[in-house]
Amino acid sequence: MLPDPPDGLRHWRLADAPALSAAWADPTIRLWNPPPADADAPSWIMRCDERWSLRLSLDFVIDVDGEVAGEVGLRNFTDDPARAELGVWIAPDHRQDGLASRSVDSATDWAHDELDLAQVWCRTATGNEAAGALFRSIGWQRLGESDGRVIWAC
Ligand SMILES: CC(C)(COP(=O)(O)OP(=O)(O)OC[C@H]1O[C@@H](n2cnc3c(N)ncnc32)[C@H](O)[C@@H]1OP(=O)(O)O)[C@@H](O)C(=O)NCCC(=O)NCCS
């Protein structure tokens, strides 16, 4: 069963499938946050519970006035130390409005408190200026670079 979501976030609903398909088709999201291979949006949404029950991933909708404005998700869960990798995307019409900052903060606080994670981390491509600005702006620690990716942690 999916846990209660962090403040300001909600779980995916089947009715979100068209919005998810549109996001997966957005060139910026495809470039920096490639959608899952061989998955259609309705099937992917229907398998959210299963992915969480297997501790594969946990994905939340960023909802603005009933519209899917983005997603923040956790994956690559590990124990000892308890960690997970965070990913985030914002739909084109909702960017540069502070939405990613607020949603990442909320998901990260929640992951520390509710999932008892010692660390949440993220990888951003060195060329992804918006993502670098985001994690700098919200005060994540820049751990270093590896294979063209910057590693951030909180
Ligand atoms: C990266 C992304 C999530 C940022 O979302 P957002 O809601 O626009 O970010 P915010 O509005 O919260 O902005 C956070 C900071 O980044 C800055 N920023 C956002 N977009 C920027 C851009 N294109 N260029 C430069 N700075 C940018 C903002 O000015 C803000 O900095 P400030 O607090 O110093 O003013 C969004 O551009 C996106 O979805 N990109 C495609 C997917 C992706 O790259 N995901 C990240 C990999 S996990």
Item to complete: Subtracting the Cα-Cα distance from 0.36 nm times the residue separation, let me have the gained length for residue 130 to residue 31 in nm, one decimal.
Response: 34.4 nm
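What shape does region 11-62 take by its C-alpha gyration tensor, where a ≥ b ≥ c are the square roots of the eigenvalues and a/c under 1.5 counts as rounded, a/b above b/c as prolate, and the rest as oblate?
On the way: a/c = 1.86, a/b = 1.43, b/c = 1.30.
Prolate, because a/c is 1.5 or more and a/b exceeds b/c.
Take the alpha carbon gyration tensor of the chain, find the square roots of its eigenvalues, order them as a ≥ b ≥ c, and report rounded if a/c is under 1.5; if not, report prolate when a/b exceeds b/c, else oblate. Provide the component values of the computation, followed by the final result.
Working: a/c = 1.43, a/b = 1.14, b/c = 1.26.
Here the chain falls in the rounded category.
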Item to complete: List the residues whose amide H sits under 5 Å from the amide H of residue 70, counting only those 5 or more places along or on another chain, with H placed 1.01 Å from N in the peptide plane.
Response: 62, 91
Worksheet item: Working out 0.36 nm times the residue gap between residue 38 and residue 97, then minus their Cα-Cα distance, what length gain in nm do you get to one decimal?
Response: 18.1 nm
Worksheet, complete the sentence: Taking the chain and counting helices only, DSSP H stretches of n ≥ 4 at -39,500 (n - 2.57) each over all residues, the nearest-500 ellipticity at 222 nm comes to -9500 deg cm²/dmol
Response to the item:
Whole-Å distance linking the alpha carbon centroid of region 1-42 with that of region 93-154 is 18 Å
Worksheet item: For region 9-153, with only Lys/Arg (+1) and Asp/Glu (-1) charged at the beta-carbon, what is the dipole magnitude about the Cα centre, in debye rounded to 20?
Response: 340 debye
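How far, in nm, would the chain grow between residue 51 and residue 7 when pulled straight, counting 0.36 nm per residue and subtracting the alpha carbon separation? Numbers along the way, then the final one.
Numbers: separation 44, 0.36 × 44 = 15.84 nm, distance 2.13 nm.
Additional length available on full extension: 13.7 nm.
What size of dipole, in debye to the nearest 20, comes out for region 41-126 about its Cα centre when the only charges are +1 on Lys and Arg C-beta atoms and -1 on Asp and Glu C-beta atoms?
Working: 8 positive and 17 negative charges, 82 e Å.
Taking the Cα centre of region 41-126 as origin, the dipole is about 400 debye.
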Worksheet item: Any idea what the dipole of region 103-154 comes to, in debye rounded to 20, about its Cα centre with Lys/Arg Cβ at +1 and Asp/Glu Cβ at -1?
Response: 300 debye
Worksheet item: Which listed residue (28, 64, 44) has the Cα farthest towards the positive end of the charge dipole for the chain, taking +1 on Lys and Arg C-beta and -1 on Asp and Glu C-beta about the Cα centre?
Response: 28
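Computed from the coordinates by the stated procedures, all read-outs in this text should not be read as laboratory data. Quick caveat, the model's predicted, so the values are computed rather than measured. Reconstructed Cβ throughout: ideal geometry from the backbone, glycine too, with neighbour counts over all protein chains shown.
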